[in-house]
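Here's the structure, in structure tokens; my notes come after.
Each reported figure results from applying straightforward, stated rules to the coordinates on display, with no laboratory input. Bear in mind the structure is a predicted one, so any value in this text is a computation, not a measurement. Glycine also receives a Cβ, built like all others from the backbone with ideal geometry; neighbour counts cover every protein chain displayed.
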Amino acid sequence: MFPIELAGVGFRPDGQCVLSGIDLQLDGDGISILLGPNGVGKTVLLRMIAGLQPVSEGRLTWGAASRPDEAVAMVFQQPMILRASVLDNAALGMKPLAFGRRERRRRAHEMLERVGLADRAADSARLLSGGERQRLALARAWAVQPRLLLLDEPTASLDPSAVDAVEDIIRGIRTDGCKVLMTTHNLGQATRLADDVIFLADGRVQEHAPARQFFARPRSNAARRFIQAELPWRIRFDE
Ligand SMILES: Nc1ncnc2c1ncn2[C@@H]1O[C@H](COP(=O)(O)OP(=O)(O)OP(=O)(O)O)[C@@H](O)[C@H]1O
Ligand SMILES: [Mg+2]
């Protein structure tokens, strides 16, 4: 399924230009983090790469294929939680797979253990807090053993210890050999997790660089301004 390649991908709903000329190549390992201001098109891009949103302009290919041919999972910022038990919610994504009910439940349990929710398995999922819901959504996504996991702001509005817990889970998913592509507005998180950073602004990929390089020496003025504006303190970049 890799490299995933985007060439000249655009998105112009109702005549407005959101994305234009997106060129990007994603390899099959590590954590790539997509950064950019509100409304720049990060969620749209994740949905396209997940195969959930058709590409009407440009070309998007997964390996040589025109569709993803391995398992892809996406976790949305507000994960869908069914009125059912935590265990049933964790097992939800496996329904289309060829596992029997017993195997689905066994795996769902294993994943709940990994995200620290095993003792809540029988509870109603509606009772979970925001951070617990995110961990449940990650367990559900991880249970399908995806080759590619897309995470849209997985820790927005979580407290620092919940953020830590979710970041540990994401590292575990990477260690399992799953490619992760995620968005975040938390630059600290981006420095902690990213192997590489993709920076979007004005409808284009302005930079795609190893994380260390991006944060130490952003090439574009747009990236410098973005980093300076997002941090709670002011930093200067050496010219
Ligand atoms: N189906 C659609 N029809 C029309 N406009 C859309 C559609 N989907 C997204 N948009 C618009 O595209 C723009 C980019 O949206 P997107 O949700 O990708 O932004 P984002 O980068 O994820 O922002 P944020 O950081 O706030 O999550 C927005 O202006 C949004 O209103
Ligand atoms: Mg978004």
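Observations on the model:
- Within the range 56-90, considering residues that are under 19 Å from the mean Cα position of the chain (by Cα) and over 27 Å from Leu128 (Cβ atoms), the one nearest to ligand 2 (Cβ to nearest atom): Leu60
- For the residues Ser124, Ser129, Ser66, Ser85, the requirement of being within 28 Å of His185 (Cβ to Cβ) and out of contact with any His (no Cβ under 8 Å at 6 or more places or on another chain) singles out Ser129.
- All positions within the range 92-104 that are surrounded by 10 or more Cβ atoms within 10 Å (Cβ to Cβ) and either of a type in the set (Phe, Trp, Tyr) or out of contact with any strand residue (DSSP E or B) (no Cβ under 9 Å at 6 or more places or on another chain) (or both): Leu92, Met94, Lys95, Leu97, Phe99, Arg101, Glu103, Arg104
- Tallying residues that are more than 16 Å from ligand 1 (Cβ to nearest atom), under 26 Å from Val166 (Cα atoms) and among the aliphatic types (A, V, I, L, M) within the range 2-51 yields 3.
- Of the residues making up the range 52-91, those that are surrounded by fewer than 17 Cβ atoms within 10 Å (Cβ to Cβ), within 16 Å of ligand 1 (Cβ to nearest atom) and not acidic (Asp, Glu) number 7.
- Counted residues, the range 14-29 - those being touching a helix residue (DSSP H, G or I) at 6+ places or on another chain (Cβ under 9 Å) and surrounded by fewer than 17 Cβ atoms within 10 Å (Cβ to Cβ): 2
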